[in-house]
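Read-outs: derived from the displayed coordinates by stated rules, not from any lab. Just so it is clear, the model here is predicted, and its values are computed rather than measured. No Cβ is skipped: glycine too gets one built from the backbone with ideal geometry, and neighbour counts run over all protein chains shown.
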Amino acid sequence: MNDFLTQNKDRFLNELLDLLRLPSVSADPKFKDDVIATAQFLKEKLEAAGADKVELCQTAGYPILYGEKMVDPKLPTVLVYGHYDVQPADPYELWDSPPFEPVIKNEKIYARGACDDKGQMYMHFKAFEMMMRENKLACNVKFMIEGEEEVGSENLGTFVKNNKKKLKADVILISDTGIIANDTPSITSGLRGLSYLEVEVTGPNRDLHSGLYGGAVANPINILCKMIASLHDENNHITIPGFYDNVDELSKEERAEMAKAPFDLEKYKKALDLGDIHGEAGYSTLERTSIRPTLDVNGIWGGYTGEGAKTVIASKAFAKISMRLVPHQTSEEITEKFQKHFESIAPKSVKVLVKPHHGGEPVVTPTNSVAYQAASKAYETTFGKKPIPVRSGGSIPIVAMFKSELGIDSVMMGFGLDSDAIHSPNESYGLFNYFKGIETIPYFYQYYAEMSSGK
Ligand code: BES
Ligand code: MN
Ligand code: MN
């Protein structure tokens, strides 16, 4: 660790803790003022770190924070992307300490957003500050930090389309993913796409006495469960016609290469307290969570769920369903196929409504680019080990758009761990990871500038 980082460690940490105290939950309008306050907080920090032209760009939703430092037009330009919004913290009772009152325990920061993405995004602010103070900023840099990633980035999509000149850059740099382990660095070389929708099944026109009507009318909850269960066959393949039509099948060689990544099945089961794993026949756990598409129910409700019992046949049943997509599936195609199929399997005794939500396209990033090589070398410098490229199962919808709209590839230099429990209660981020990130990022700038100029 260099002197500047050592001397400023406490302040760097305290600033992140202040950021984590702001409950910037984009999904819940109750937190509207807090989300905006978070954008304002970051604007001040970016200015203080030395960025120019810092502004909050208004959108139809939450503001996008922009700022830049152009050192020399001859140098390559890095566009840093991150998000300041977080997932809802519910259920609060499962947290050991309140989600927006960060605490440090076992060398980890516990708070909603600690890893996803406030902790990781803020590493870039501090790495930038460090490079500025030490006069070491080797590339031009632009920051674009949004507040709606966790709800689909729709307004950012519009912003990107309308601001192509402003966002002109040679590479996009993102820390919003993870590494395999603290002694096994990796670089995310792909993300799955997403198709998210809600279904509503309606039976009778009102809730009914389950004794007087039970057995004679369709129970929408029973029917919904049956319909959902039929979406996978006995091999856990998805039964929607045409679902796999465009799936990019990897070659034997590519799969063998993937299988080299370290993975301990027993540890995996133990960490999740699972009796056994589960998934599509013919694929390994790593493949199931990266190169294969999925369909999962994310929430299901209907009828009486309060205290005690109520004998009722509900009029309606609901579910939220997500499908993770792989190249070359598209969210539009898959949403359409789902909708058509789901409507077709509904019995006449119920009505079905499918409501599409947001989507995102899958992406694979090159591992032979100058930017990837610079990132690889940066990790190698600070971890002492060459990072392994890993395709991740998660989604960051804007990454595919950066490529399609701006023609720019992303380098995903994540520092999180699976055990950080993002989106779950007790989300955390290791102090090791926070400071390692701040230490590693400047090497990326240095190597990227050197390698771009052919030095
Ligand atoms: N940072 C995550 C995505 C992620 C995490 C990718 C770890 C790879 C490794 C991001 O904030 C996220 O949660 N994305 C959502 C999609 C979004 C449209 C709600 C997701 O993947 O569910
Ligand atoms: Mn994220
Ligand atoms: Mn997230």
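Hydrodynamic estimate: the Kirkwood radius of the range 28-162 over Cα pairs, inserted into Stokes-Einstein at 20 °C and 1.002 mPa s, corresponds to D of 134 µm²/s.
Spin-label pair Glu257-Glu450: with each label point 7 Å from Cα along the Cα-Cβ axis, the two points sit 2.6 nm from one another.
Structural descriptor for the chain: relative contact order 25 percent, calculated from alpha carbon pairs under 8 angstrom and at least 6 residues apart.
As a proxy for reagent exposure, Arg206, Arg112, Arg255 were ordered by neighbouring Cβ count within 10 angstrom, fewest first; the result is Arg206, Arg255, Arg112. Remark: Asp116, Asp248 ranked as Asp248, Asp116, counting other beta-carbon atoms within 10 Å and listing the fewest first. Kirkwood radius, the range 1-44, all distinct C-alpha pairs, inverse of mean reciprocal distance: 11.8 Å.
Helical content alone sets the calculated 222 nm signal of the chain at -10000 deg cm²/dmol, taking -39,500 (n - 2.57) per DSSP H segment of four or more residues and averaging over every residue. Can you work out D for the range 84-149 in µm² s⁻¹ from Stokes-Einstein, where Rh is the Kirkwood radius over C-alpha pairs, the temperature is 20 °C and the viscosity is 1.002 mPa s? Reported coefficient: 154 µm²/s.
Computed across the range 258-356, the Kirkwood hydrodynamic radius from all distinct Cα-Cα pairs reaches 17.2 Å.
Against the empirical 2.2 N^0.38 Å (N residues), the range 223-298 has a Cα radius of gyration ratio of 1.27. Rounded if a/c is under 1.5, else prolate if a/b is larger than b/c, else oblate: which is the range 217-264, with a ≥ b ≥ c the root eigenvalues of its Cα gyration tensor? It is prolate, given that a/c is not under 1.5 and a/b is the larger ratio. Selection among Met131, Val160, Gly394 by position relative to the dipole of the chain gives Val160 as farthest towards the positive end (Cβ unit charges, Cα centre). From the Kirkwood radius over Cα pairs of the range 130-176, Stokes-Einstein at 25 °C and 0.890 mPa s returns a whole-number translational diffusion coefficient of 192 µm²/s.
Taking every alpha-carbon pair in the range 302-455 and binning the separations at 5 Å intervals from zero gives 1, 7, 11, 13, 14, 12, 11, 8, 7, 5, 5, 3, 2, 1, 0, 0 percent.
Among Ile109, Ile277, the ranking by other beta carbons within 10 Å of each residue's beta carbon, starting with the fewest, stands as Ile277, Ile109. On full extension, the segment bounded by Glu405 and Glu198 gains 71.7 nm, given 0.36 nm per residue less the C-alpha separation. Only alpha carbons enter this Debye calculation for the range 123-225, each as an equal point scatterer, and the log10 of I(q)/I(0) it gives at q = 0.15 Å⁻¹ is -0.89. The range 34-83 has equivalent-ellipsoid semi-axes of 23, 12, 8 Å, by the square roots of 5 times the alpha carbon gyration tensor eigenvalues, sorted largest first. Computed over the range 154-204, the convex hull of the alpha-carbon atoms projects to a mean area of 7.5 nm².
The shape of the chain can be summarised by an equivalent ellipsoid whose semi-axes, obtained from the alpha carbon gyration tensor, come to 41, 25, 22 Å from longest to shortest. For the range 1-81, the Cα gyration tensor yields ellipsoid semi-axes of 26, 21, 9 Å (square root of five times each eigenvalue, largest first, whole Å).
Compactness ratio for the range 395-434: Cα radius of gyration over 2.2 N^0.38 Å (N = residue count) comes to 1.55. The charge dipole of the chain, taken about its Cα centre with unit charges on the Cβ atoms of Lys, Arg (+1), Asp and Glu (-1) only, comes to about 500 debye. Spacing of the modelled spin labels on Ala216 and Lys165, each 7 Å from Cα toward Cβ, amounts to 7.2 nm. Need one word for the range 300-392: rounded, prolate or oblate. Basis is the Cα gyration tensor (sqrt eigenvalues a ≥ b ≥ c); a/c below 1.5 gives rounded, then a/b vs b/c decides. Note, shape of the range 300-392 comes out oblate.
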